[in-house]
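K.L.:
Pasting in a structure now, in structure tokens, and then I'll have a few things to ask.
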Protein chains: 4
Amino acid sequence: MKEIIDKLRSFADERDWAQFHSPKNLAMALSVEAAEIVEHFQWLTQAQSYQMDADKLAAVSDEIGDVLIYLTMLADKLGIDPMQAALDKIGKNQKKYPAGIVRGQAKKYREYKES
Amino acid sequence: MKEIIDKLRSFADERDWAQFHSPKNLAMALSVEAAEIVEHFQWLTQAQSYQMDADKLAAVSDEIGDVLIYLTMLADKLGIDPMQAALDKIGKNQKKYPAGIVRGQAKKYREYKES
Amino acid sequence: MKEIIDKLRSFADERDWAQFHSPKNLAMALSVEAAEIVEHFQWLTQAQSYQMDADKLAAVSDEIGDVLIYLTMLADKLGIDPMQAALDKIGKNQKKYPAGIVRGQAKKYREYKES
Amino acid sequence: MKEIIDKLRSFADERDWAQFHSPKNLAMALSVEAAEIVEHFQWLTQAQSYQMDADKLAAVSDEIGDVLIYLTMLADKLGIDPMQAALDKIGKNQKKYPAGIVRGQAKKYREYKES
């Protein structure tokens, strides 16, 4: 992760691009790259989405790289560690959705709490 | 990263939720979480987006965690290493946008090539 | 449509909110509302997505209203007529995807042209 | 609007594409098109976003057409009238954000209620 952050900082500095990388702009770019992943899946059935051919997988891998790049840049600007943020969120989710109760249910927290 | 993947696999297995986690569905969830980040920035100026207060930053940190969680789950289902995908993409971008030429320009590759 | 535009202009003017409604910000808000629609569908099978109950449909209807509101505001700021834009795009698509050739294929234009 | 709905129904029927147009898939396509609008604005300042040149505006107009197309198709599948949905939502917003109180504030409802 540190290697990625260092490379991204150098990449932006060498091109004088940091001026464009406000958190607002990076959030937009992140959502655009996420949508480029969605585009590969939008007309597939769920079964087909497990069976992409090598060319499609390579294209999706590029988009996954792009999402991680913008996520890392955004987090770096805000002083957030994305790995720690994910671990913290997993911890919260473990409490929010106790395994014994929600097992096999696709309901979200609010619905689960209402039922 | 490996710790996150292991925790996410256990989390889904213990809740019998893997059935909902097709690549198609995970791509959708990823884009929804990316939009939840955007929501925090949509009415801010770029200057304001650098100066979020602690409460807002904590909320954005949670959303960054969510994006990384779904990105990791999606990549895991597809057999993709997101770190390697990001490093590969940075390598491609270094060739695509040579620092000496694009310095200070916010143009995309296509526009840059056309000019 | 004209009624909607007039109401949206008055709504923003009466609240002094036009200052926040740059095309950039409205584009962000539009994508956030689109994601709120996606959120209702992300864990459903395609079959289930045809059979939402009345409460869910009412919630989706609200989000559809939001998307149309921001789309109309964005188009209004840019001097674009969204109805005409849709009709023009349908015309382009009719030429791009000739019915006799693409019948039953889910391929996009590029793939279709390559095959 | 009715003309657009009729054209979209014929367009899909003539190509045997209705099979791909589940509400779930249409919601995904809608969000992808919304992101294609965002892509045009992501590196612009707010001032620049008011001053797009003719080529850019034509490209954005196409994307606005696409968003309205998928929004209309999704609403049609769900039996929702998007115009009525927007008018209903404007009515709700007029009650939720009373002009005399929120004037000039960019706060969202929850924050406004908390203050």
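K.L.:
Out of D:Asp53, D:Asp81, report the one residue that is under 14 Å from the mean Cα position of the chain (by Cα), over 17 Å from A:Val38 (Cα atoms) and among the charged types (D, E, K, R).
P.N.:
When all the criteria are applied, what remains is D:Asp81.
K.L.:
Can you name every residue in segment B:7-39 that is more than 10 Å from chain C (Cβ to nearest Cβ) and surrounded by 19 or more Cβ atoms within 10 Å (Cβ to Cβ)?
P.N.:
B:Leu8, B:Arg15, B:Pro23, listed by residue number.
K.L.:
Spot the failing condition for D:Met28; the list is (1) touching a residue at least 12 places away in the same chain (Cβ under 8 Å); (2) in a helix (DSSP H, G or I), and only one is missed.
P.N.:
(1)
K.L.:
Further, regarding this structure: Taking segment A:63-85 as the search range and keeping residues that are at the interface with chain B (Cβ under 7 Å from one of its Cβ atoms) and free of Cβ contacts under 8 Å to residues at least 24 places away in the same chain, which one is surrounded by the most Cβ atoms within 10 Å (Cβ to Cβ)?
P.N.:
Ranking the qualifying residues of segment A:63-85, first place goes to A:Gly65.
K.L.:
For B:Val102, all conditions in the list (1) under 17 Å from the mean Cα position of the chain (by Cα); (2) open to solvent by less than 40 Å² (accessible area, probe 1.4 Å) hold save one; what is the number of the exception?
P.N.:
Status for B:Val102: all satisfied but (1).
K.L.:
Determine, yes or no, whether A:Arg9 is out of contact with any Leu (no Cβ under 6 Å at 6 or more places or on another chain), charged (D, E, K, R), touching a residue at least 40 places away in the same chain (Cβ under 8 Å) and closer than 15 Å to B:Asn93 by Cα.
P.N.:
Yes, satisfied.
K.L.:
Related question: Going through B:Lys89, B:Lys113 one at a time, which residue ends up being farther than 21 Å from C:Met28 by Cα and modelled with pLDDT of 95 or more?
P.N.:
Answer to the check: B:Lys89.
K.L.:
Can I ask one more? Report yes if some residue within segment B:42-62 is within 14 Å of chain C (Cβ to nearest Cβ), open to solvent by less than 10 Å² (accessible area, probe 1.4 Å), small (Gly, Ala, Ser) and in a helix (DSSP H, G or I); otherwise report no.
P.N.:
yes
The values are calculated or read from the model by the stated rules, or taken from the named source; none is laboratory data. Owing to the predicted nature of the structure, the values given are computational and were not obtained by experimental measurement. Reconstructed Cβ throughout: ideal geometry from the backbone, glycine too, with neighbour counts over all protein chains shown. Each accessible area value is taken on the protein alone, full model and side chains, heavy atoms only, with ligands, DNA and RNA left out. Shrake-Rupley method; radii C 1.70, N 1.55, O 1.52, S 1.80 Å.
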